[in-house]
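Structure record follows, encoded as structure tokens.
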Amino acid sequence: MIPIAKPNIGKEEEEAVLEVLRSGMLARGPKTKEFEASFGRYIGTEHAISTSSGTTALHIALLANGIGKDDEVLIPPVTFFATASTVLFCGAKPVFVDIDPDTFNMDVAKVEEAITPNTKAIVPVHMFGQPVDMKPLMEIAEKHDLKIIEDACQSHGAEYDGRKVGTFGGASCFSFYPTKNMVAGEGGMITTDDADLKTECMLLREHGEITHYEHIVLGYNFRMTEIGAAIGGEQLKKLPGFIEKRQANAKRLNEGLGDLKGIQTPKVIDNASHVYYQYIIKVDDFPLNRDELVEFLKSKDIGARPSYPKPLSEQAILRTLGASADCPVARGMLPKMMELPVHPLVSDEDITYIIDTVKVMGGTW
Ligand SMILES: Cc1ncc(COP(=O)(O)O)c(C=O)c1O
């Protein structure tokens with residue numbers, strides 16, 4: 001089976017982890033500091049604060065931005081659950097802004113109509129590896145005095161207007177979960193240029209401890225382990241190569257499937273680079289429907305799978321907890337969306353095989 005995701009771990013990561021194990025310094029050690037410094041340099045922010053996951057990064061980035069009770073935070077309905085749950089953890093309310101049917105990202109043209117006097121922040125999520133159209137979004141945020149907290153958990157290294165995602169928000173969050181473009185086992189990172197925000201995030205990450213056993217705010221233990229940082233540090237060095245291979249695989253898939261009737265390959269906005277965390281095709285008016293195509297590809301050892309089953313705006317638990325807004329575009333789009341393998345361990349031969357196998361069903365083989 002060509003897997004839909006697979007961590008790309010080599011000797012370098014193994015050795016870095018052994019070094020940590022032998023050092024006896026399993027938390028709060030030099031690898032964590034080095035990884036934070038190198039990640040901040042790579043993204044292009046003054047500061048980077050490591051965390052135990054993308055979820056905990058979002059949670060404390062929202063808190064450090066002052067998000068709290070009765071505040072409303074604008075998020076897209078096509079994203080992972082954590083984008084919404086972390087808003088709720090802060091006591092605030094997620095308000096959904098429907099997606100653009102071509103990019104699957106938050107439709108920036110629909111943001112202003114969702115703003116109320118309680119709106120405090122927007123969380124643009126750079127979905128599947130493609131940046132949100134940040135320029136008009138930043139203008140709206142500025143006009144209405146709203147914070148921007150980027151959810152870049154799926155888009156390490158993606159660029160918009162020549163800048164990496166993670167440099168646009170007051171704070172931005174990344175995940176190093178094992179399926180991501182770079183991994184750390186589990187782990188996350190917040191990037192920011194704001195020194196005060198960095199201090200607040202560090203306090204929230206570590207029990208609000210300002211000096212040894214002196215606690216000034218109610219913080220958590222959301223630290224990254226030294227082992228995770230050792231893996232992450234090595235992965236970061238390889239990230240540009242990983243991205244290049246994802247983009248090369250995506251280009252071949254675009255060329256191979258782009259003209260197939262009933263298959264829409266990913267559309268990329270003009271001033272952005274897509275890092276293809278997921279290669280999403282839209283299946284509409286193809287000889288097989290989306291689910292049939294997924295099953296057919298699986299029967300041929302290709303690890304295709306449907307995208308998210310429904311918009312977050314239709315998850316019962318979120319509705320019960322007060323998240324609101326109907327998202328008809330997302331509802332109509334998701335049943336047609338599916339993922340094809342695109343990660344760096346998918347070989348050129350695999351890509352040829354995927355294209356040929358889809359084409360068999362498209363009747364053009
Ligand atoms: C868009 C998005 N936000 C947040 C997260 C949460 O990250 P983590 O799984 O590291 O907690 C993920 C990861 O799955 C994600 O894809």
query: Can you tell me how many residues in segment 135-156 are without any contact (Cβ under 8 Å) to a residue 40 or more places away in the chain and within 16 Å of the ligand (Cβ to nearest atom)?
result: 3
query: Regarding V294, is this residue surrounded by 22 or more Cβ atoms within 10 Å (Cβ to Cβ) and of a type outside the set (G, A, S)?
result: no
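Filtering segment 143-166 down to residues that are assigned to a loop (DSSP other than H, G, I, E, B) and charged (D, E, K, R), which residue is nearest to N271 (Cα to Cα)?
Narrowing segment 143-166 to residues assigned to a loop (DSSP other than H, G, I, E, B): 144-146, 152-158, 161-162, 165-166.
Still in the running and charged (D, E, K, R): 145, 161.
Working: D145: 25, D161: 5 Å.
Here the answer is D161.
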- prompt: Do we find a residue being assigned by TED's automatic domain parsing to the domain that holds V165, charged (D, E, K, R) and buried (at least 24 other Cβ atoms within 10 Å of the Cβ) anywhere in segment 187-205?
  reply: yes
message: For the list (1) closer than 15 Å to K147 by Cα; (2) part of a helix (DSSP H, G or I); (3) of a type outside the set (V, I, T), I need the number of the one condition that Y42 fails.
response: (1)
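Just one of P94, P77 is at pLDDT 95 or above, buried (at least 19 other Cβ atoms within 10 Å of the Cβ) and touching a Phe, Trp or Tyr at 6+ places or on another chain (Cβ under 6 Å); which is it?
On the way: P94 fails: touching a Phe, Trp or Tyr at 6+ places or on another chain (Cβ under 6 Å).
Selected residue: P77, the only one of P94, P77 that is at pLDDT 95 or above, buried (at least 19 other Cβ atoms within 10 Å of the Cβ) and touching a Phe, Trp or Tyr at 6+ places or on another chain (Cβ under 6 Å).
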message: Of everything in segment 296-313, what is without any contact (Cβ under 8 Å) to a residue 60 or more places away in the chain and farther than 28 Å from A248 by Cβ? Give them in sequence order.
response: P309, K310
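Within the group T357, T352, which residue is modelled with pLDDT of 95 or more, polar (S, T, N, Q), in contact with a helix residue (DSSP H, G or I) (Cβ under 7 Å, 6 or more places away or on another chain) and on the phi < 0 side of the Ramachandran plot? Spell out how you get there, then give the answer.
Values: T352 fails: in contact with a helix residue (DSSP H, G or I) (Cβ under 7 Å, 6 or more places away or on another chain).
Residue meeting the stated conditions: T357.
Going through segment 157-180 one residue at a time, which ones are polar (S, T, N, Q) and more than 16 Å from the ligand (Cβ to nearest atom)? Step through it out loud before you land on a result.
Filtering segment 157-180 for residues polar (S, T, N, Q) gives 167, 172, 175, 179.
Selection gives T167 alone.
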field: I99 vs. criteria within 16 Å of the ligand (Cβ to nearest atom) and not assigned by TED's automatic domain parsing to the domain that holds A323
entry: yes
task: Please list, ordered by first then second residue, the pairs with beta carbon atoms under 6 Å, 6 or more apart or interchain, first in segment 181-193 and in contact (Cβ under 8 Å) with a residue 12 or more places away in the chain, second in a loop (DSSP other than H, G, I, E, B) and near the ligand (Cβ under 10 Å from one of its atoms).
output: N181/Y277; V183/F176; A184/F176; E186/S53; G187/F176; G188/S53
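For segment 341-350, state whether one or more residues are among the aliphatic types (A, V, I, L, M), farther than 25 Å from P178 by Cα and in contact with a strand residue (DSSP E or B) (Cβ under 9 Å, 6 or more places away or on another chain).
Restricting attention to segment 341-350, the residues satisfying the condition of being among the aliphatic types (A, V, I, L, M) are 342, 345-346.
Right, trim to farther than 25 Å from P178 by Cα and you get none.
No, segment 341-350 contains no residue that is among the aliphatic types (A, V, I, L, M), farther than 25 Å from P178 by Cα and in contact with a strand residue (DSSP E or B) (Cβ under 9 Å, 6 or more places away or on another chain).
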Tally of residues being under 14 Å from D151 (Cα atoms) and either under 15 Å from the mean Cα position of the chain (by Cα) or within 14 Å of the ligand (Cβ to nearest atom) (or both) across segment 52-83: 20
field: The lone exception for D326 - which of (1) in a loop (DSSP other than H, G, I, E, B); (2) modelled with pLDDT of 95 or more; (3) surrounded by fewer than 17 Cβ atoms within 10 Å (Cβ to Cβ) it fails
entry: (2)
- request: Out of the residues in segment 8-51 that are surrounded by fewer than 15 Cβ atoms within 10 Å (Cβ to Cβ) and basic (K, R), state the one that is farthest from the chain's Cα centre (by Cα).
  value: R22
- request: Taking G208 as meeting all but one of (1) touching a residue at least 12 places away in the same chain (Cβ under 8 Å); (2) of a type in the set (G, A, S); (3) more than 16 Å from the ligand (Cβ to nearest atom), write down the number of the exception.
  value: (1)
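The values are calculated or read from the model by the stated rules, or taken from the named source; none is laboratory data. Worth saying up front: this structure is predicted, and the values here are computed from it rather than measured. As a convention, Cβ positions derive from the backbone with ideal geometry for all residues, glycine included, and neighbour counts pool all protein chains shown.
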